[in-house]
Amino acid sequence: MYWNRGARHAFAAAIIVFSAWAVAQEGRGDVVYVPTPQIVVDEMLRMAKIGAKDFLIDLGSGDGRIVITAAKKYGAQGFGVDLDTVLLRQARDGANKEGVAERAQFVEQNLFETDLSKATVISSYLLPEMNLKLRPRILALKPGTRVVAHDYHMGDWYPDEQKDIVVPEKKVGTPGVSYIYLWVVPSRVAGKWQGQISASAKDVPVELAFDQLFQILEGSVRVGTQSIALRGRVTNGDQIEFSTPAKAGPGNERYEFRGKIAGDAIDGTVRIGEGPNARQGTFTARLTARGEMRRASDEVATR
């Protein structure tokens with residue numbers, strides 16, 4: 001299971017360092033280059049749902065295979081950053097050979113100094129401590145930005161999707177297996193909101209309080225005069241869903257909310273009750289007091 005991989009990830013890091021003599025390049029990169037197998041590249045891009053409208057930034061791009069594949073197979077644009085001049089030359093030659101040089105560019109640059117603001121997709125094959133260093137900048141990007149990584153996690157920011165694939169030729173990390181993780185930058189909804197539910201030809205005031213841990217939500221919803229606990233999540237960057245426990249709301253009814261986040265507003269639907277007697281309605285809410293996104297830990301989580 002994913003949460004028990006700490007020992008394997010630590011072992012992977014040790015192998016990568018130990019293998020430096022075998023794979024070091026003539027350039028001056030800070031990280032020993034270990035290429036991502038093409039089967040992993042293909043699955044990373046599939047999980048990221050990359051398309052022709054996307055702009056991909058690959059952090060530590062190596063020979064450029066991720067950016068080149070995204071440009072050739074999906075029509076995406078983007079660039080890779082690396083400090084190894086030999087690998088950068090290989091990447092540029094590869095882009096020219098595949099006829100995608102206009103859409104796949106490569107820059108000699110420290111990945112921690114790279115402007116990420118244009119990215120709709122970010123890809124990486126970096127150790128956990130590097131991912132964590134990048135994490136605050138990634139979370140500040142536009143909601144809906146996708147981040148896909150090979151083998152290494154982002155601490156307590158749990159992935160929205162993960163997949164293990166068999167890669168017989170893989171010799172580093174966990175030999176023969178690659179772990180692929182996908183995160184979607186969530187909208188920030190932590191704080192207090194006020195609005196109303198419209199159902200059964202009447203309007204009822206609603207107050208929401210969200211405590212947010214990345215995409216995971218807890219808090220409370222006050223419907224009329226009764227406050228009820230809620231649990232939910234932000235999905236796809238700007239979609240929100242949350243609900244109350246069964247028989248906890250007014251009239252012992254369950255409330256299920258689904259909506260779209262647009263800045264300081266949420267508009268959506270609500271389902272009240274369960275079974276054939278459930279009622280459908282709409283709800284709106286506006287932010288009244290911004291809160292801070294909670295972080296359980298900024299340390300590398302033990303898996």
* To do: Run down Glu274, Glu253, Glu207 and say which single residue is over 23 Å from Arg146 (Cα atoms) and at pLDDT 95 or above.
  => Glu207
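For the range 71-83, give me each residue that is touching a residue at least 40 places away in the same chain (Cβ under 8 Å) and crowded, with 19+ Cβ neighbours inside 10 Å. Walk me through how you get there before you give the answer.
Taking the range 71-83 and keeping what is touching a residue at least 40 places away in the same chain (Cβ under 8 Å), we get 76, 78, 82-83.
Within the range 71-83, Ala76, Gly78, Asp82 qualify.
Can you tell me which of Trp183, Trp157 is over 20 Å from Asp54 (Cα atoms) and at pLDDT 95 or above? First the steps, then the outcome.
Details: Trp183 fails: over 20 Å from Asp54 (Cα atoms).
One residue alone meets the criteria, Trp157.
Answer yes if at least one residue in the range 200-216 is among the small types (Gly, Ala, Ser), farther than 23 Å from Ile68 by Cα, surrounded by fewer than 19 Cβ atoms within 10 Å (Cβ to Cβ) and free of Cβ contacts under 8 Å to residues at least 60 places away in the same chain, and no otherwise.
Looking only at the range 200-216, we keep the residues that are among the small types (Gly, Ala, Ser), and these are 200-201, 209.
Now narrow it down to the ones that are farther than 23 Å from Ile68 by Cα: 200-201, 209.
Then drop every residue that is not surrounded by fewer than 19 Cβ atoms within 10 Å (Cβ to Cβ), which leaves 200-201, 209.
Remaining after also requiring free of Cβ contacts under 8 Å to residues at least 60 places away in the same chain: 201, 209.
Scanning the range 200-216 turns up at least one residue that is among the small types (Gly, Ala, Ser), farther than 23 Å from Ile68 by Cα, surrounded by fewer than 19 Cβ atoms within 10 Å (Cβ to Cβ) and free of Cβ contacts under 8 Å to residues at least 60 places away in the same chain.
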* To do: Evaluate the following for Thr288: is it at pLDDT 95 or above and polar (S, T, N, Q)?
  => yes
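Among the residues of the range 37-49, are any over 19 Å from the mean Cα position of the chain (by Cα) and surrounded by 16 or more Cβ atoms within 10 Å (Cβ to Cβ)? Don't jump to the end; show me each part of the working.
Initially, the range 37-49 is screened for residues over 19 Å from the mean Cα position of the chain (by Cα), giving 37-39.
Now drop any that are not surrounded by 16 or more Cβ atoms within 10 Å (Cβ to Cβ), which leaves 37.
Scanning the range 37-49, I find at least one residue that is over 19 Å from the mean Cα position of the chain (by Cα) and surrounded by 16 or more Cβ atoms within 10 Å (Cβ to Cβ), so the answer is yes.
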* For the range 228-243, what are the residues that are more than 25 Å from the chain's Cα centre (by Cα) and either buried (at least 16 other Cβ atoms within 10 Å of the Cβ) or not in a strand (DSSP E or B) (or both)? -> Ile228
* To do: Count, please, the residues in the range 136-161 that happen to be under 16 Å from Ile57 (Cβ atoms), surrounded by fewer than 19 Cβ atoms within 10 Å (Cβ to Cβ) and of a type in the set (D, E, K, R).
  => 2
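Limited to the range 109-125, what total is found for residues that are of a type in the set (Phe, Trp, Tyr) and surrounded by 13 or more Cβ atoms within 10 Å (Cβ to Cβ)?
Keep residues of the range 109-125 that are of a type in the set (Phe, Trp, Tyr), which gives 112, 125.
If we keep only those that are surrounded by 13 or more Cβ atoms within 10 Å (Cβ to Cβ) as well, we get 125.
Result for the range 109-125: 1.
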* Counted residues, the range 93-108 - those being surrounded by 16 or more Cβ atoms within 10 Å (Cβ to Cβ), touching a residue at least 12 places away in the same chain (Cβ under 8 Å) and within 28 Å of the chain's Cα centre (by Cα) -> 6
* To do: Using the structure shown, decide if Arg294 is within 16 Å of Lys192 (Cα to Cα), outside any helix (DSSP H, G or I) and either modelled with pLDDT under 90 or more than 27 Å from the chain's Cα centre (by Cα) (or both).
  => yes
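The values are calculated or read from the model by the stated rules, or taken from the named source; none is laboratory data. Everything quoted here is computed from the prediction, not taken from an experiment. For neighbour counting, all protein chains shown are included, and Cβ atoms are generated from backbone atoms with ideal geometry for every residue, glycine included.
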